[in-house]
Amino acid sequence: MVLNVTLPQLEQQKKAKDLIISILSMKHPLSSKRIYNEIKRRYGYSATYQAIHKSILQLLEQGVLVKEDMEYSINMQWIDEISNFVDRMKENYETQKKYPFGILDMQTSENMQMIIFSDFLGAELFNMKLLDKYCSNLKNKEPFCAHIQHIKRPVFQSGQAFETLKIFKKAKIGKYILVRGDTLIDKWCVKFYEGVFNYALGVDVAKDYETYILGDTVTQLYIPQEIAKKIEFIYNNNKSIDDIKVPEIYRDVYEKKCRVQLLIYKNPEIAEQLRQKTLSYFK
């Protein structure tokens, strides 16, 4: 049921409806005459009986009130709807406050954290935030390394890519990325980051997930197979960046509801092995 309590065209009617509900929340059932008298007595509201009665009939039609033997009460079903609506709204607000980026679930152990996102966009934005934070911290000495399927940020998040480009340019550490793809779109992205990132294209990595090495911390982004196939199709079937329909892809790929897993763990030995493997392609 649509919560249509305060949608009259006149402010006087709007106030009248609020007062009717207020009166009936304290006393019920009441006839329209008694409702009118109570409003006058309690609130000194200067409206005619006809105006109050009209508002009562509107609330009755909207399902807010029920009528029995010429007396009116608040509809319990409407109260339940209001209660459920408020509970859902509160839950949504609390969830978004506690878990931004569309996080559905988070499991944490001593050295590992698993985060489940509701879409690929939230997962990638969260992971990129970790990347940006690592590269912008001048205390970090180890190079940033990654194994990815395709270079995506300049294509689908161009605004943020330009902003973070400043961060990457200031970072003193090296930045080395192995890319499974070797398409024209990937090569265009390499030029976008020219002088900032070091790329090696066409490397047999990131088949099932993308890996990011941030000092002693490793993140693994598990891209759902359906999403990965769509991205693969886009990169292999577009010969120019101008051919990519970004709004359509955003809807069908980035904002499509699906469970996306990001694994974050701290392990200096594994991080060093992955870092050395990455750097070996650039020696």
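Taken over region 28-42, the criterion of being more than 13 Å from LYS17 (Cα to Cα), out of contact with any Asp or Glu (no Cβ under 9 Å at 6 or more places or on another chain) and either modelled with pLDDT under 90 or surrounded by 15 or more Cβ atoms within 10 Å (Cβ to Cβ) (or both) is satisfied by ASN37, GLU38, LYS40, ARG41, ARG42. Kindly indicate whether LEU130 is within 17 Å of ALA228 (Cα to Cα), assigned by TED's automatic domain parsing to the domain that holds THR217 and surrounded by fewer than 21 Cβ atoms within 10 Å (Cβ to Cβ). So LEU130 fails the test. Checking each residue of region 130-142 against the condition of being within 18 Å of the chain's Cα centre (by Cα), part of a helix (DSSP H, G or I) and modelled with pLDDT of 90 or more gives at least one match. Condition test on ALA51, is it over 20 Å from ILE82 (Cα atoms), out of contact with any strand residue (DSSP E or B) (no Cβ under 7 Å at 6 or more places or on another chain) and in a loop (DSSP other than H, G, I, E, B)? No; evaluated as a whole, the condition is false for this residue.
Residue-wise test of (1) over 45 Å from the mean Cα position of the chain (by Cα); (2) farther than 18 Å from ILE82 by Cβ; (3) in the same structural domain as MET76 (by TED's automatic domain parsing); (4) hydroxyl-bearing (Ser, Thr, Tyr).
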{"residue": "LEU24", "(1), (2), (3), (4)": "no, no, yes, no"}
{"residue": "GLY44", "(1), (2), (3), (4)": "yes, yes, yes, no"}
{"residue": "ILE56", "(1), (2), (3), (4)": "no, yes, yes, no"}
{"residue": "VAL66", "(1), (2), (3), (4)": "no, no, yes, no"}
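Specify which of the listed residues (VAL196, VAL218) is part of a loop (DSSP other than H, G, I, E, B), hydrophobic (A, V, I, L, M, F, W, C) and either touching a Ser or Thr at 6+ places or on another chain (Cβ under 7 Å) or over 17 Å from GLU124 (Cβ atoms) (or both). Testing whether each residue is part of a loop (DSSP other than H, G, I, E, B), hydrophobic (A, V, I, L, M, F, W, C) and either touching a Ser or Thr at 6+ places or on another chain (Cβ under 7 Å) or over 17 Å from GLU124 (Cβ atoms) (or both) leaves just VAL196.
The values are calculated or read from the model by the stated rules, or taken from the named source; none is laboratory data. Since this is a predicted model, take the numbers as computed values, not measurements. Counting neighbours? That spans all protein chains shown, and the Cβs are built from the backbone with ideal geometry, glycine included.
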